[in-house]
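Enquirer: Below are the structure tokens for one structure; questions will follow.
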Amino acid sequence: MKRYIIGYKYRRMAHQNETKCRIPFYFIPSDEVYEALSCFNPKVREDAQKGETFYSSWMELPFHAIFDLEEGQYEGFAKVKKLRIAEDVDWTSLPIYVQPFHFQSLPERYQVLHNEDGEGYGIGRFNFRYNSYVWMNKGPFPTEAEAQKVIDEELDDWE
């Protein structure tokens with residue numbers, strides 16, 4: 001099982017429209033599924049479209065949503081095993097799927113950056129909006145190893 005975020009293309013569209021990301025979810029309908037998905041689309045029962053294998057409906061999610069996905073059961077789909085903005089839902093027991101091309105692997109939260117303007121290294125934190133790392137107010141460090149040590153010992157990875 002891997003961790004993913006919504007793909008940059010879809011996050012970028014959300015920023016341009018100043019809305020949440022719209023991603024289709026695919027599911028086998030049940031009261032439990034509708035209840036779990038209603039926090040992202042209150043009208044999921046009415047909006048659900050029957051497809052060949054699954055029902056589907058568009059969900060509105062914050063651009064920083066982190067997913068645990070598992071591929072394998074249905075070709076072209078990945079099962080949602082965990083959605084970190086809705087931890088109270090037991091995703092493993094629900095038949096809810098997404099298409100992996102809407103997502104990208106979760107990058108490291110922090111990364112050592114080389115200071116192009118001067119000497120030394122700094123630490124960057126991943127920014128969902130720009131899909132890149134932004135400088136933090138830590139450092140400068142004379143070596144890459146010293147900056148990496150601060151990341152390893154003082155900074156938390158994704159929860």
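Enquirer: Given 91, 58, which one is under 16 Å from residue 29 (Cα atoms), aromatic (Phe, Trp, Tyr), open to solvent by 30 Å² or more (accessible area, probe 1.4 Å) and touching a helix residue (DSSP H, G or I) at 6+ places or on another chain (Cβ under 9 Å)? Outline the logic, then answer.
Expert: Details: 91 fails: open to solvent by 30 Å² or more (accessible area, probe 1.4 Å).
Result of the check over 91, 58: 58.
Enquirer: Right, something else. If only one of 142, 107, 100 is more than 22 Å from residue 57 (Cβ to Cβ) and under 12 Å from the mean Cα position of the chain (by Cα), which one is it?
Expert: Working: 142 fails: under 12 Å from the mean Cα position of the chain (by Cα); 100 fails: more than 22 Å from residue 57 (Cβ to Cβ).
Checking each option against the conditions leaves just 107.
Enquirer: Examine region 76-88 for a residue that is of a type in the set (A, V, I, L, M) and open to solvent by 20 Å² or more (accessible area, probe 1.4 Å), and state whether such a residue exists.
Expert: Keep residues of region 76-88 that are of a type in the set (A, V, I, L, M), which gives 78, 80, 83, 85-86.
Keeping just the survivors that are open to solvent by 20 Å² or more (accessible area, probe 1.4 Å) gives 85.
Yes.
Enquirer: Applying the selection to region 101-124, what residues are buried (at least 16 other Cβ atoms within 10 Å of the Cβ) and closer than 30 Å to residue 32 by Cα?
Expert: Within region 101-124, 102, 103, 104, 106 meet the criteria.
Enquirer: For region 143-158, which residues satisfy the criterion of being open to solvent by 90 Å² or more (accessible area, probe 1.4 Å) and without any contact (Cβ under 8 Å) to a residue 24 or more places away in the chain?
Expert: 149, 152, 153, 154
Enquirer: Now a separate question. Filter region 116-142 down to the residues that are among the basic types (Lys, Arg) and either assigned to a helix (DSSP H, G or I) or free of Cβ contacts under 8 Å to residues at least 40 places away in the same chain (or both), then identify the one that is farthest from residue 26 (Cα to Cα). Break it down stepwise before answering.
Expert: From region 116-142, those among the basic types (Lys, Arg) are 125, 129, 138; that's our starting set.
So of that shortlist, the ones also either assigned to a helix (DSSP H, G or I) or free of Cβ contacts under 8 Å to residues at least 40 places away in the same chain (or both) come out as 125, 138.
Details: 125: 32, 138: 43 Å.
Checked region 116-142; the qualifying residue farthest from residue 26 (Cα to Cα) is 138.
Enquirer: So, restricting to helices (runs of 4 or more DSSP H) that lie completely within region 1-115, which ones have at least 3 residues that are within 30 Å of residue 151 (Cβ to Cβ)? Before the answer, list the steps.
Expert: Values: elements: 8-17, 31-37, 44-47.
Fully inside region 1-115 and qualifying: 8-17.
Enquirer: Could you figure out which of (1) closer than 20 Å to residue 21 by Cα; (2) buried (at least 16 other Cβ atoms within 10 Å of the Cβ); (3) of a type outside the set (Lys, Arg) isn't true of residue 127?
Expert: Among (1) closer than 20 Å to residue 21 by Cα; (2) buried (at least 16 other Cβ atoms within 10 Å of the Cβ); (3) of a type outside the set (Lys, Arg), residue 127 violates only (2).
The values are calculated or read from the model by the stated rules, or taken from the named source; none is laboratory data. This structure is a prediction, so every number in the text was calculated from the model and none was measured. In this analysis, Cβ positions are derived from the backbone assuming ideal geometry, glycine residues included, and neighbour counts consider all displayed protein chains. Heads up: the accessible areas ignore ligands, DNA and RNA and are worked out on the full protein's heavy atoms, side chains in. Shrake-Rupley method; radii C 1.70, N 1.55, O 1.52, S 1.80 Å.
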